[in-house]
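I have placed the structure first, in the form of structure tokens, so that the comments after it can refer back to it.
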């Protein structure tokens with residue numbers, strides 16, 4: 001394992017990857033830590049190649065938007081040929097924000113942390129009961 005920081009690659013449909021990276025940079029003030037890859041106009045081979053270029057042969061976590069979607073499948077395809085990468089599907093803003101501040105961690109410890117952070121950011125709020133004002 002190297003001392004390099006883990007690279008983050010957000011892989012998502014349409015403009016979502018770019019929007020998530022922009023939101024992380026705006027909220028955190030940390031720039032240049034995430035790379036966005038979208039699937040617009042790309043077939044499976046081209047998308048996997050774009051992911052590989054964004055990961056750049058470095059230790060990386062691929063954050064895909066939808067488990068089972070083309071972005072996740074291309075990310076998993078990249079994992080077959082990369083030794084120092086992991087993939088998390090169901091990316092959300094809380095996990096990306098945590099990522100930019102903890103990229104020095106080993107991937108083996110960082111991935112479970114990010115999953116917990118992403119899940120802890122989810123909440124359900126029921127509407128008020130009828131008749132209560």
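For the peptides 21-27, 61-67, the ranking by mean Cβ contacts within 10 Å, running from highest to lowest, is 61-67, 21-27. Highest mean packing comes first when the peptides 88-98, 117-127 are listed by Cβ atoms within 10 Å, giving 88-98, 117-127.
Which of the peptides 28-38, 103-113, 45-55 is most tightly packed, and how do the rest follow, judged by the mean count of other Cβ atoms within 10 Å per residue?
Ranked from most to least packed, the peptides come out as 45-55, 28-38, 103-113.
Once the Kirkwood radius over Cα pairs is known for the chain, the Stokes-Einstein relation at 10 °C and 1.306 mPa s delivers a diffusion coefficient of 104 µm²/s.
Counted over segment 7-114, the DSSP beta bridges are approximately 0% antiparallel. Helix 44-55 sits at what angle to the longest principal axis of the chain, using alpha carbons and giving 0 to 90 degrees rounded to 10? The helix 44-55 is inclined about 90 degrees to the chain. In the chain, the longest principal axis of the Cα atoms and the axis of helix 70-79 are about 40 degrees apart.
What angle, in degrees between 0 and 90 and rounded to the nearest 10, separates the Cα long axis of helix 16-28 from the longest principal axis of the Cα atoms of the chain? For helix 16-28, the angle is close to 70 degrees.
Taken together, the values in this text are just the output of simple stated rules run on the coordinates, not laboratory data. For clarity, every value in this text was computed on a predicted model and none was experimentally measured. Because the Cβ atoms are built from the backbone with ideal geometry, glycine has one as well, and the counts that use them run over all protein chains shown.
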